[in-house]
Amino acid sequence: MSALPSEKAFAKINLTLRVLGRRADGYHELESLVAFADVADALTLEPGSTDGLEMSGPFAGKSGPVDDNLVLKSLVELRRRIPGLKGGRFRLEKNLPVAAGIGGGSADAAAALRLLARANGIALDDSHLMTAAQSVGADVPVCLDSRPRIMRGIGEVLSPPLDLPPIPAILVNPGVALATREVFGKFKGAQSGPSLAGVPTKTGPLIELLKQQDNDLTVAATACSPAVGEVLAALRSAPGSVLARMSGSGATCFALFGSRQEAAAAAQRLAGERKNWWVQAAAIGAVPGKT
């Protein structure tokens, strides 16, 4: 029996995040340098006449009702654009924390769109995939091909793919789910750093650029959950850490390191000290197969 078609849903990392203002419709204009970590949920599709979603994995129980999952919403939105689209039964292994600022649900939705495209002979550059992605959620378009980009607008304006190096890192979530709406409710309106332009492709210059930037939502997220500040303090004090920052609207934070050995050692030490934190060594940049 052949294996089911599968896709990895890589964690989305906001290396930088500027909030440029609020639009008349209530959404905020953003500018963010987005890359992907080589940690992921896993999604398979069994084509058939019965649509559905089964979930497993360490975070399946915190993912909310199955009927509200973005995987199934992706199927609905793509079928709306392509009548007669073949669906089937999805199986999602939920390895990434939920409501964590790393786009887990959005990455799952994008993986579902890629699987549906394969099952129906649809090219990955078909415009229906992108318009469906935009309808599902603001972060889904950038997750569609999981390649580093500058994301602007509310997520719908994407730069061409960037050739970023994979940088050793650790990801840490304190076990706190943060709602994006709640974080923006605490946001006071600061902007950080110059506009992104000419993103370097070498590790050293890239990190220097990142140090000139920040995540504008960090103060607001910390006001919602002081655990964010605890995570950032732990990451900044880790031996070998060259940059620590929150991703998205939190509460997941990341630290960049000079070597995989330093990142692995920091992850092992922090996981031992903080049993209730999700700690994962990773590489952030261009993930395998997406260069």
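In table form, for the structure just shown:
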| read-out | value |
| --- | --- |
| Leu232 over 24 Å from His28 (Cα atoms) and touching a Cys at 6+ places or on another chain (Cβ under 6 Å) | yes |
| Test: Val228 is more than 15 Å from the chain's Cα centre (by Cα) and under 15 Å from Arg274 (Cα atoms) | yes |
| Conditions (1) at pLDDT below 95; (2) surrounded by 18 or more Cβ atoms within 10 Å (Cβ to Cβ): number failed by Arg181 | (2) |
| Pick from segment 2-15, criterion outside any strand (DSSP E or B) and hydrophobic (A, V, I, L, M, F, W, C), ranking: surrounded by the most Cβ atoms within 10 Å (Cβ to Cβ) | Leu15 |
| Qualifying helices (runs of 4 or more DSSP H) (wholly inside segment 49-155; at least 3 residues being over 25 Å from Thr218 (Cβ atoms), among the basic types (Lys, Arg) and at pLDDT 95 or above) | 70-81 |
| Residues of segment 166-212 satisfying the condition of being part of a loop (DSSP other than H, G, I, E, B), within 26 Å of Ser259 (Cβ to Cβ), of a type in the set (Val, Ile, Thr) and touching a residue at least 40 places away in the same chain (Cβ under 8 Å) | Val199 |
| Some residue of segment 242-252 being over 28 Å from Cys143 (Cα atoms) and either in contact with a Ser or Thr (Cβ under 7 Å, 6 or more places away or on another chain) or not basic (Lys, Arg) (or both) | no |
| Pair list, Cβ under 6 Å, 6 or more apart: segment 122-133 residue more than 16 Å from Gly87 (Cα to Cα), other residue among the small types (Gly, Ala, Ser) and modelled with pLDDT of 95 or more | Leu124/Ala117 |
| Within segment 16-45, considering residues that are among the polar types (S, T, N, Q) and in a strand (DSSP E or B), the one nearest to Leu164 (Cα to Cα) | Ser32 |
| Selected residue (only one of Glu77, Glu31 is touching a residue at least 40 places away in the same chain (Cβ under 8 Å) and closer than 30 Å to Thr203 by Cβ) | Glu31 |
| Any chance Gly61 is touching a Phe, Trp or Tyr at 6+ places or on another chain (Cβ under 8 Å) and surrounded by fewer than 17 Cβ atoms within 10 Å (Cβ to Cβ) | no |
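The values are calculated or read from the model by the stated rules, or taken from the named source; none is laboratory data. Bear in mind that the values here come from a model prediction, so they are computed numbers and not experimental data. Ideal geometry is used to build each Cβ from the backbone, glycine not excepted, and the neighbour counts take in all protein chains shown.
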